[in-house]
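Each remark here refers to the structure printed beneath this line.
The values are calculated or read from the model by the stated rules, or taken from the named source; none is laboratory data. As the structure is a computational prediction, the values presented were derived from the model and not from experiment. Note that we place each Cβ from the backbone using ideal geometry, even for glycine, and neighbour counts take in every protein chain shown.
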Amino acid sequence: MGTSRRQFIKVSALSTGGLALAASSYGLGSSLSDLFDPENDYTGLNLKRVPTYCEVCFWKCAAWTHVDKKGDIVKIIGNDEDPHCNGRLCPRGTGGVGMYSDPDRLKTPMIRVKGKDGNDTFKEASWEEALDLIALKMSTIAKEHGPESIALLKHGSSGSHFEHLFKAFGSDTIGEPAYAQCRGPRETAFALTFGSWIGSPEPTDIRDTKCLVLIGSHIGENMHNSQVQEVAEAIDKDVTIITVDPRASTIAGKSKYWLPIKPATDIALLLAWLNVIINEELYNKEHVEANTVGFEELKAHVQQYTPEWAYTITTLEPALIRTTAREMADAAPAVIVHPGRHVTWYGDDTQRGRAVAILNGLLGSWGKRGGFYNKEKIKVPKFPHPKYPHPKWGWHSLAEDYPFAQMGLTQEIIRASIPEEDTKHKVKAWFVSGTNLPNTIPNRPLLTKAIDSLDFMVVVDTMPMEITGYADVLLPECTYLERYDTIRSATNRQPSIALRAPAAAPKYNSKPSWWMAKEIGMRLGLGDYFKYDDFSDVLDWQLKKMGTSLAEMKKIGVKKFPRKSGPLYTPDNQPINLPTNSGKIQLYSAELEELGFDPIPTYTAHDEPTEGFYRLIYGRAPMHTFSRTSNNPMLADLMPENNVWINPKVAKIWGLKNGQYIWLKNQDDVITDFPIQVRVTERIRWDSVYMVHGFGHHEKELTVAYGKGASDTQMITQTKVDPLMGGTGMRGNFVTFLTEQPNTVES
Amino acid sequence: MRYAMAIDTKKCVGCSDCVVACQTENNVPTGYCRDWVIETVTGTYPDLAIELRSERCNHCAEAPCVSSCPTGASQYGPGGIVFVEHDECIGCGACIESCPYDARYIHPDGYIDKCTFCMHRVEKGQDPACVAVCPTNCMYFGDMDDPNSEISKLVSTRKYKTLAPEAGTDPKIFYLI
């Protein structure tokens, strides 16, 4: 370990095959005995059902895990009462069984050691040994550099248990890619405009909207469940969909208007739409008068952005820009200009988000039926524990250059881990939970340099993802189907909670994260923060405070509560009262102006591909999430690898054929580890290529996913960082094609 | 009683949830499927039409797989559901050759397998698993003999097509277009 170069280890290196198979009963209790479900016992298998909420993506749909007589999980069905899924899971949720049954799962703790050949390797360890080592290392590093120098990089439900551990330990050097590599810019943009984050699930009233505008958001390929369901419902009611995308996405195929925009020019279109709506006086004047600030400044600002001006930039016909602006205005306030979700594209993403928010503000859709409803959630009471100590520095200090950063910036934590980088504070160790950084974070060389420099690194995962090969201690987590977790409480039309309870004992020698966090906490002398034997004690305490109980929640899975915050839609005769500085919709942002940023968005031209290169656009497929599902046998069966979409004109120039395998090379001469299949299709512009994110795994222990397709993340070596909140724009990367096998490094 | 399915291609996003739900409901071995999703693209950029649809056995009224089966294992069940009695199937594959929809496969256990409209669920008044799970609610199952059923109404009011009508099999999957 120490400071020597951290060799990537193939996870099973020292595996003897004689794994400790003692099935743990942590968190299982006697929950299975009374849950036989005759209603769902179609096959006469005596299926029992246990409530859960899904962890394959972040939508967290509540469901019933079905278990057969042998105790095996056979299927997962959505909970009818759940507003996230309405009884219908998406393919990943239905295929969640494959996460449980995947034979490639991590099976027992491992510790990095020097092998006989002098190379690093993993040694199987007992939980005692692994946890003792983690506690020892954490205290030693904290003594020398402070607890703040140990960072937590996390995603998903498990992260919350480690977040509690870290805050108790004195570190809030915490970050997750879900912010600066994903939805951060839109949250900042909407906070600046309406005073609050969009949050998840988005409070878009799609089921009742008359006009849905999507800017690069590919609903239906992203299976954000209830949102997809509502789009289908809206299609039944003849909604007008306007999709702006250089690619003919699935939803573009269902849209009345598809605007095949030149990539990286969205702000020009948004400004031109504002120009049309303002100059043709298509907005509701009373609303603008009563509820907004800065209209006159906005009006003066957008005069220069005519549809004719935008045409030269976006390649979209002025008439089409005008028609679609009028469609939105006709539908207002039942119109949604969707904020999107993964929005870290070009580095001016918060400003693009601002343009989207301003457009919504002008159209009056905030708080209105068919626009954005007034969301509400129920607070889950905090299980009592001593106050967290106050860290001397933390994620804030590392994000100082970005005044509107509202969460930890993963890339700044990474930078602070590199000794030569000029940062005020230094990060010495990482604890990584539920996020496969090499297939998530742009600029992989920088990431591996940071990992090389660390004194210590712990990785918690269910699968041998790439990140696990860099761990000093590797902890196998059981899947969401085998554990308790925190209560799900999310913003919706009506507050509700959902329970996740284990449907089977953890397979192999895996454990739940709450248990790992508690065990490490005990070893660090933080027992007062973990005053419970089993996480079900915490849940029962919280649920009783909320007027229910663990026993009741096991029977129903989801519980709804009455709204308390006021009406779902703000009545038309009532001014909207927002938590912004002005209390109104901020078309013009004084906060931005004060700090020297554009108070109203402007258009900036972005880099364009050079001769022979094409802009790399990436996205999702409905059956996969991140890089996490590509080894799931059931989901890999649906889509085993990604392909690269190439316009027929481009394919002709290069002589590329459908189904041919090629390698991609980016502007920095980085070549994909593996070849990728060509898909010649009219569905993509000639200046861009498209691929689905999350493939091209180079960890051989992922026996299904290894070497299948190419990794878009590997091609993303350049980022354009958002000066407002630190989001890493990732769509300024360009690739070209190699038809002969290049000399790739054995990984 | 005449069971049928209508699938609204205007709503289908091609997510393949129907495929996974079928696999977990019917214990279909990994690598095999009883239903699948097809995408067709017509036109040139940017004037395109994209159609996505979930396909499966068409439970034909004039099913060539039934007439070509030498043992009688391929047969019509209640409501016209076409199914294979596994115990009577010798796995000869004549039905596979005769099916214009390529809807059948050889199960690793040696018999021919295919969509049953989830007979075991339908008997209990439930929708087939694919219909029950579909996040876009784009699939409808019901009795075509009942003029008041949702499916009868959809097929009588909406534009639709069937697959390979030229095969003369009288298929019972209707694609709303």
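Here are the numbers for the structure shown:
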quantity: Total residues in the stretch A:531-589, condition small (G, A, S), loosely packed, with under 13 Cβ neighbours inside 10 Å and at pLDDT 95 or above; calculated: 2
quantity: Qualifying residues in the stretch B:7-28 (those that are at the interface with chain A (Cβ under 7 Å from one of its Cβ atoms) and among the acidic types (D, E)) - the one surrounded by the most Cβ atoms within 10 Å (Cβ to Cβ); calculated: B:D17
quantity: Considering residues of the stretch B:29-56 that are more than 10 Å from every other protein chain (Cβ to nearest Cβ) and among the β-branched types (V, I, T) only, the residue surrounded by the most Cβ atoms within 10 Å (Cβ to Cβ); calculated: B:I38
quantity: Test: residue in the stretch B:156-164 that is more than 13 Å from the chain's Cα centre (by Cα) and among the aromatic types (F, W, Y); calculated: yes
quantity: The one condition in (1) buried (at least 19 other Cβ atoms within 10 Å of the Cβ); (2) within 20 Å of A:P742 (Cβ to Cβ); (3) among the polar types (S, T, N, Q) that A:Q677 fails to fulfil; calculated: (1)
quantity: Output for the stretch A:216-250, where each listed residue is closer than 15 Å to A:I336 by Cβ and touching a His at 6+ places or on another chain (Cβ under 6 Å); calculated: A:S217, A:S226
quantity: Considering residues of the stretch A:126-152 that are of a type in the set (S, T, N, Q) and surrounded by 15 or more Cβ atoms within 10 Å (Cβ to Cβ) only, the residue farthest from A:G525 (Cα to Cα); calculated: A:S149
quantity: So A:G44, is it more than 11 Å from chain B (Cβ to nearest Cβ), at pLDDT below 95 and over 29 Å from A:F626 (Cα atoms); calculated: no
quantity: Any hit, the stretch A:653-660, residues being β-branched (V, I, T) and in a loop (DSSP other than H, G, I, E, B); calculated: no
quantity: Pick from the stretch A:510-534, criterion assigned to a helix (DSSP H, G or I) and in contact with a Lys or Arg (Cβ under 8 Å, 6 or more places away or on another chain), ranking: farthest from A:S126 (Cα to Cα); calculated: A:W514
quantity: So A:C90, is it more than 15 Å from B:Q23 (Cα to Cα) and facing chain B (nearest Cβ under 10 Å); calculated: no
quantity: Selection count, the stretch B:138-157, where residues are among the charged types (D, E, K, R) and surrounded by 14 or more Cβ atoms within 10 Å (Cβ to Cβ); calculated: 2
quantity: Of all residues in the stretch A:661-711 being of a type in the set (A, V, I, L, M) and in a loop (DSSP other than H, G, I, E, B), the one that is farthest from the other protein chains (Cβ to nearest Cβ); calculated: A:V670
quantity: Scope the stretch A:654-671; condition among the basic types (K, R) and within 27 Å of the chain's Cα centre (by Cα); matching residues; calculated: A:K665
quantity: Single unsatisfied condition, B:I38 versus (1) assigned to a strand (DSSP E or B); (2) at pLDDT below 95; calculated: (2)
quantity: Hey, A:T188 touching a strand residue (DSSP E or B) at 6+ places or on another chain (Cβ under 8 Å) and surrounded by 24 or more Cβ atoms within 10 Å (Cβ to Cβ) or not; calculated: no
quantity: Flag for A:I313 being within 12 Å of chain B (Cβ to nearest Cβ), touching a residue at least 40 places away in the same chain (Cβ under 8 Å), outside any strand (DSSP E or B) and under 30 Å from A:M730 (Cα atoms); calculated: no
quantity: Failed criterion for A:V721 (all others in (1) over 30 Å from A:D401 (Cα atoms); (2) among the β-branched types (V, I, T); (3) out of contact with any Pro (no Cβ under 7 Å at 6 or more places or on another chain) hold); calculated: (1)
quantity: Long-range neighbours under 6 Å by Cβ, at least six apart or interchain, first residue closer than 19 Å to A:E608 by Cβ within the stretch A:654-678, second surrounded by 22 or more Cβ atoms within 10 Å (Cβ to Cβ) and among the hydroxyl-bearing types (S, T, Y); calculated: A:L664/A:T672
quantity: Residue among A:Q494, A:Q406 that is under 28 Å from A:A142 (Cβ atoms) and out of contact with any His (no Cβ under 9 Å at 6 or more places or on another chain); calculated: A:Q406
quantity: Scan of the stretch A:628-641 for residues that are part of a loop (DSSP other than H, G, I, E, B) and either within 12 Å of chain B (Cβ to nearest Cβ) or touching a Lys or Arg at 6+ places or on another chain (Cβ under 8 Å) (or both), ordered by number; calculated: A:T629, A:S630, A:N632, A:M639, A:P640, A:E641
quantity: Segments classed as strands (runs of 3 or more DSSP E), wholly inside the stretch A:208-277, with at least 3 members that are under 17 Å from A:A334 (Cα atoms); calculated: A:211-215, A:240-244
quantity: Verdict on A:K368 being part of a loop (DSSP other than H, G, I, E, B) and either of a type in the set (S, T, Y) or surrounded by fewer than 20 Cβ atoms within 10 Å (Cβ to Cβ) (or both); calculated: no
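Every residue, every condition in (1) touching a strand residue (DSSP E or B) at 6+ places or on another chain (Cβ under 6 Å); (2) without any contact (Cβ under 8 Å) to a residue 24 or more places away in the chain; (3) of a type in the set (V, I, T), yes or no:
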| position | (1), (2), (3) |
| --- | --- |
| A:D208 | no, no, no |
| A:L214 | yes, no, no |
| A:E230 | no, no, no |
| A:D236 | no, yes, no |
| A:I241 | yes, no, yes |
| A:P246 | yes, no, no |
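To keep it simple, each residue is scored yes or no on (1) closer than 21 Å to A:R620 by Cβ; (2) modelled with pLDDT under 95.
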site	(1), (2)
B:V13	yes, no
B:G31	no, yes
B:D47	no, no
B:L52	yes, no
B:N58	no, no
B:E62	no, no
B:C65	no, no
B:S74	no, no
B:V82	no, no
